[in-house]
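Quick notes on the structure that follows.
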Amino acid sequence: MSFVLVVNIRIKPESVDVFMKQLNENAAAARKEPGCRQFDVLVDPKDRTKVMLYEVYNDEAAFEEHQKG
């Protein structure tokens, strides 16, 4: 069974560019982790301050490993 997370984030408008750069770097690194099956960063097309992460890991242990990084 997979371990799935859905995370909703609201970013301060003045921080969107810096935050998104860091978030995309983090997502790219997470996708390379052995237990990560999927890590999507979804941005509301009408409001760039609303972001959703959809993460899928092999199991909870894989997610815990991700949290250590």
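The values are calculated or read from the model by the stated rules, or taken from the named source; none is laboratory data. Quantities reported herein were computed from a predicted structural model and do not represent experimental measurements. Counting neighbours? That spans all protein chains shown, and the Cβs are built from the backbone with ideal geometry, glycine included. SASA here: full protein model, heavy atoms, side chains in, ligands and nucleic acids out. Shrake-Rupley method; radii C 1.70, N 1.55, O 1.52, S 1.80 Å.
Here are the numbers for this structure:
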item	result
MRE, 222 nm, helices only [DSSP H, n ≥ 4, -39500 (n - 2.57), over the chain, to nearest 500]	-11500 deg cm²/dmol
Rounded percent of accessible protein surface that carbon and sulfur make up, the chain, 1.4 Å probe	52
1.4 Å probe accessible area per residue over the chain, in Å²	71
Acute angle (nearest 10 degrees) that the helix 16-31 long axis makes with the longest principal axis of the chain, alpha-carbon atoms	20
LYS21/TYR54 FRET efficiency (R0 25 Å; Cβ-Cβ; nearest 0.05)	0.80
Compactness of segment 21-63, expressed as Rg and Dmax over alpha-carbon positions, Å	11.5, 36
Relative contact order of the chain, pairs being alpha-carbon contacts under 8 Å that are 6 or more residues apart, as %	44
